[in-house]
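Asks: Please read through the structure below; I'll follow up with questions.
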Amino acid sequence: MASQTILVGLDGGASKTAAVCCDGDGRILATSRGPRCAIVGPPSPDEAAVLDGVAGALCRTAGIERTAVTAWGVGLSGIDYADEFDAQWLSVAAALGVPAERVTLVNDAIPALWGATSVPAAAILQHGSGVTSAWRRALGDERLFDHLDVGRQFDIRHALLAAVARMLDGRREPTGLRDRTLAHLGIADSADYAEAIYRGRIPWARRMSTAPLVYDAWLADDAAAEELVTAAIEDYAQTAAALGRRTGDARPEIALGGGVIACAPEAFWTRLAAAVAARLPDARVRRPALAAEFGAAIMAAFRHGDDACSLFERLSAAPGKEGAR
């Protein structure tokens, strides 16, 4: 792979936008972060400004012009429908200020898989601000899995809110998790709970940061937390096994990540790996090796005709890769 090749990988979702610039030998030239960029249809003016800002900051730090970038890999939440794709692709390229033919645009689950592993038969399930999952049988054959979440992946954070409501109204026995949750959400009077949740008075970030609360209670043998964690593990395992079977390989590599899973204690991972093994005995469960923006750069290299596996290995060993995670 020629060192003069310059690659940019960009990953945008509901919580942040992150980008990396590297050369063809895997040297990291710059990283950049910005606000969320989860699009519906073509990017709005604000979303286009985020893309422009992140790309501009990245190239300035790298000391290059945008036109010097050989290939751009872009994964965005909201790349979901074939009939919207052309308009999205052209609009994203325009926001980046580069020719569309240099841009590979995909749903953000695809770069996550490219960054997770270089194994051909592989899959990824990520659960952060949202759910992303993808699988492949060979490099370049990445496919989305329930990318609209119609199948409703179990979300321990949403289930916690319902469990607390039931503890408050008497439909289930209260545990210590109830008061910990009320305190975390900043609710002083439990009588205000239902309305505060229903009318969106709790900041979104606070509502979405409750997974560690559940895990801590689970490690302290809280019965309600045990029920929530068990349900999450079973549903993650069901999805992971379904993804693994789609690869057509008896020993697929299945990466599990995203904030909700990544912040879980080791005991959670042990039970989750066992639950996957009960459904798909020879599957290899792992954490993603690289963040999705790195995966986007590797995808761009592959689309450009370069050796994606070599770049994956070099980036995995590169100093500075932690900075964009």
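Asks: Which residue, Val69, Val150, Val50, has the most motion in a Gaussian network model of the chain that connects Cα atoms within less than 10 Å?
Replies: Its mean-square fluctuation being the largest, the pick is Val150.
Asks: Take the alpha-carbon positions of the chain, form their convex hull, and give its projected area averaged over all directions (one quarter of the hull surface) in nm².
Replies: Directional mean of the projected Cα hull area for the chain stands at 16.9 nm².
Asks: Next question. From zero up to wherever the largest Cα-Cα distance of segment 166-317 sits, split into 5 Å bins and tell me the percent of pairs in each.
Replies: 2, 8, 13, 14, 15, 14, 11, 9, 7, 4, 2, 1, 0
Asks: Quick check on packing: order 15-21, 161-167 by the mean number of other C-beta atoms within 10 Å, highest mean leading.
Replies: Numbers: 15-21: 24.1, 161-167: 18.9.
The packing order, highest mean first, is 15-21, 161-167.
Asks: Next up: Please list 273-282, 226-235 highest first by mean number of surrounding beta-carbon atoms within 10 Å per residue.
Replies: 226-235, 273-282
Asks: How many percent of DSSP beta bridges within the chain run antiparallel, rounded to 5?
Replies: 50
Asks: Tell me, what is the Rg over Rh of segment 29-166, with Rh the Kirkwood radius over Cα pairs? Mind dumping the intermediate values first?
Replies: Numbers: Rg = 16.9 Å, Rh = 16.6 Å.
Here Rg/Rh amounts to 1.02.
Asks: Most exposed first by the Cβ proxy, i.e. fewest other Cβ within 10 Å, how do Phe294, Phe302, Phe312 rank?
Replies: Details: Phe294 34, Phe302 20, Phe312 26.
Going from sparsest to densest Cβ surroundings: Phe302, Phe312, Phe294.
Asks: Something else about it: Pulled fully out, how much extra length does the chain show between Glu227 and Arg33, if you take 0.36 nm times their separation in residues and subtract their Cα-Cα distance? Each step should come with its number before you reach the end.
Replies: Numbers: separation 194, 0.36 × 194 = 69.84 nm, distance 3.67 nm.
Full-extension gain reported as 66.2 nm.
Asks: Sticking with this one: If one computes the Cα centroid of segment 103-178 and of segment 179-243, what distance in Å separates the two points?
Replies: 15
Asks: With n ≥ 4 as the cut-off for DSSP H runs, can you work out [θ] at 222 nm for the chain, using -39500 (n - 2.57) per run divided by the number of residues, rounded to the nearest 500? Kindly include the intermediate steps, with their values, before the conclusion.
Replies: Details: 13 runs with 148 residues, N = 325.
Computed ellipticity for the chain at 222 nm equals -14000 deg cm²/dmol.
FYI, it's all coordinate maths here, none of it is from the lab. Given the structure is predicted, the values throughout are model-derived calculations rather than measurements. With ideal geometry, Cβ positions are generated from the backbone for all residues, glycine too; neighbour counts draw on all protein chains shown.
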